[in-house]
Amino acid sequence: MTHSIIPLAGVIGCPISHSRSPKLHKFWLARYGLAGDYVPLHVTEADLPGVIRALPKMGFVGANVTIPHKVSVLSIADQVSDRATLIGAANTLAFGADGRIYADNTDGYGFLANLRQGAPDWDPSAGPAAVLGAGGAARAVISSLIEAGTKEIYLTNRTRPKAETLRHDFGSRITVVDWVQAGNMLEDATTVVNTTSLGMTGAAEFRVPLDGLRRGTVVTDLVYTPLRTKLLQEAEAAGCVTVDGLGMLIHQGVPGFERWFGRRPEVDDLVRQEMLS
Ligand code: ATR
């Protein structure tokens with residue numbers, strides 16, 4: 001196997017031009033003066049196994065994986081972490097010196113690290129969490145809430161069967177709430193998470209009634225365009241502690257960067273400003 005002097009990493013997706021990961025990792029590489037590069041890789045489904053097998057031979061030490069390959073990459077990797085297996089998707093690959101491909105999912109880590117940084121007094125076991133949405137992001141959020149010690153999770157989704165599937169996969173801590181009742185589940189929640197695309201620039205408006213939000217509840221939105229979503233604005237007005245979603249995007253990149261380039265990068269205002277520019 002050949003090894004480039006400069007370690008390479010990249011993000012694999014289709015399309016890939018929208019990905020913010022190159023900006024993030026290139027910023028950290030420059031910030032810490034590290035040798036290395038990070039590139040966007042446009043790869044179709046048909047080419048995915050061949051490209052992933054070829055990357056280590058071309059000096060790549062790892063890669064992020066994004067839409068639409070986060071699920072199919074599981075069957076290509078030689079070893080999949082328990083977390084990625086439970087979530088059913090991987091977003092981070094590491095190529096071992098032994099030629100093996102390791103797959104992990106750092107979305108749940110990014111979610112928790114962002115909440116802990118943005119709301120240092122947050123106690124995951126203080127009371128029930130209310131989660132809106134049952135897509136891939138919700139699976140990562142729910143697995144990490146359970147890992148953090150949340151004992152009860154109210155889950156609602158426009159398409160109810162998808163929420164029922166998550167209940168089946170993650171167990172009895174989840175209570176499925178009808179989408180039209182979503183506002184009610186906020187009343188005794190101490191943590192509220194929006195994992196849907198509602199409120200994102202260009203997507204449908206966020207219309208869940210928010211009068212049930214209580215002072216002190218920790219509210220976070222995975223949507224970060226705009227940064228201060230309607231959910232966060234109304235939650236703040238209700239006296240909640242609010243945490244925007246930009247930090248999750250940044251934190252989920254930390255474990256990969258550290259593994260590939262050997263330095264744990266900081267998540268602070270400097271990198272936030274870079275990602276907003
Ligand atoms: P991700 O991986 O980011 O979770 P996803 O798997 O496409 O993306 O999930 C998007 C989530 O946003 C889903 O919960 C989806 O609800 P459905 O399962 O009913 O599709 C939710 N969502 C998207 N548009 C919505 C809308 N207009 N109203 C309500 N929920 C919406």
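The values are calculated or read from the model by the stated rules, or taken from the named source; none is laboratory data. Owing to the predicted nature of the structure, the values given are computational and were not obtained by experimental measurement. Because the Cβ atoms are built from the backbone with ideal geometry, glycine has one as well, and the counts that use them run over all protein chains shown. We work out accessible area using only protein heavy atoms, side chains counted, and drop any ligands, DNA or RNA first. Shrake-Rupley method; radii C 1.70, N 1.55, O 1.52, S 1.80 Å.
Quick notes on this structure:
- Spherically averaged projected area of the convex hull of Cα atoms, the range 72-158: 6.6 nm².
- FRET efficiency, R31 to T85 (Cβ-Cβ, R0 30 Å, nearest 0.05): 0.35
- Each Cα pair under 8 Å and six or more residues apart adds its separation to the average, and for the range 135-277 the resulting relative contact order is 15 percent.
- Expressed in Å, the radius of gyration and Dmax of the Cα atoms of the range 89-139 are 15.1, 45.
- Estimated FRET transfer efficiency when R0 is 35 angstrom, pair V180-K23 (beta carbons, to 0.05): 0.35
- Charge dipole of the range 51-126 about the Cα centre (unit charges at C-beta), most positive-ward option of S125, T106, F60: F60
- Net charge over other residues, Cβ less than 13 angstrom from the Cβ of V80 (K, R count +1; D, E count -1): 0
- Heavy-atom accessible area per residue - the range 160-263, 1.4 Å, Å²: 46 Å²
- Non-local lysine pairs in the chain, meaning eight or more places apart or on different chains, with alpha-carbon distances under 23 Å, amount to 6.
- For the range 95-246, diffusion coefficient by Stokes-Einstein and Kirkwood Rh (Cα), 25 °C, 0.890 mPa s, µm²/s: 157 µm²/s
- Per-selection Rg to Rh, the range 3-73 - Cα, Kirkwood hydrodynamic radius: 0.98
- Per-residue Karplus couplings for the range 238-243, computed as 6.51 cos²θ - 1.76 cosθ + 1.60 with θ equal to phi - 60°, are listed in order as 8, x, 7, 8, 10, 10 Hz, Gly and Pro entered as x.
- The value obtained for the range 172-260, namely the Cα convex hull volume divided by the number of residues, is 121 Å³ per residue.
- Cα-only Debye scattering, the chain: base-10 log of I(q)/I(0) at q = 0.07, 0.12 Å⁻¹: -0.26, -0.75
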